[in-house]
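Asker: One structure, as structure tokens, below. Some questions next.
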Amino acid sequence: MKPLVEVAGVVPAPADEVFARLADSLRAQPYNPGFEIDARRRFVAQQGGWWYRGEYTVEDDPAGARVTHRVYNVASRGRWAVPLANRFFVGFPQRVRESFDRMLGDLAPPAGEGRTLG
């Protein structure tokens, strides 16, 4: 399945720490009907509404932790309408990127916390 949108970035902190913060943040969201977590693979997914599935992975990176977010169309009916509807919402990929970048900032350890990479 090809993602509608894929974004990635690096957080300057150990991958296990970033994954724990990401999982806690996503788990705490008020609307979370379909939540999956695989800590061994550092994978989290959220699924909701009639078409949305967001998947996150966290991998080791020389600069810290690489976080990747992919948005998929998982509609069982009217699947063809999702890309069309998202084109009507001009800027959908840009909004995903902006939201993702804010999230990366939230996942970084507070300044002066003195974390070291592995």
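Every number in this text was worked out from the coordinates using simple rules, so none of it is lab data. For clarity, every value in this text was computed on a predicted model and none was experimentally measured. Here the Cβ positions follow ideal geometry from the backbone for every residue, glycine too, while neighbour counts run over all protein chains shown.
Asker: Label-point separation (nm) for Phe35 and Ala63, each offset 7 Å from Cα along Cα-to-Cβ?
Answerer: Once both label points are built, they end up 3.0 nm from each other.
Asker: Based on the Cβ-Cβ distance of Ala28 and Glu6, what FRET efficiency does E = 1/(1 + (r/R0)^6) give at R0 = 35 Å, to the nearest 0.05?
Answerer: 0.90
Asker: Any idea what the alpha-carbon Rg over 2.2 N^0.38 Å comes to for region 1-58?
Answerer: The value comes to 1.16.
Asker: Here's a follow-up. Which of the peptides 41-53, 91-103 is most tightly packed, and how do the rest follow, going by the mean number of other Cβ atoms within 10 Å of each residue?
Answerer: By packing density, highest mean first, the sequence is 41-53, 91-103.
Asker: Determine the gain in length on full extension of the stretch Ala20-Ala111; use 0.36 nm per residue of separation and subtract their C-alpha separation, reporting nm with one decimal.
Answerer: That works out to 30.9 nm of additional length.
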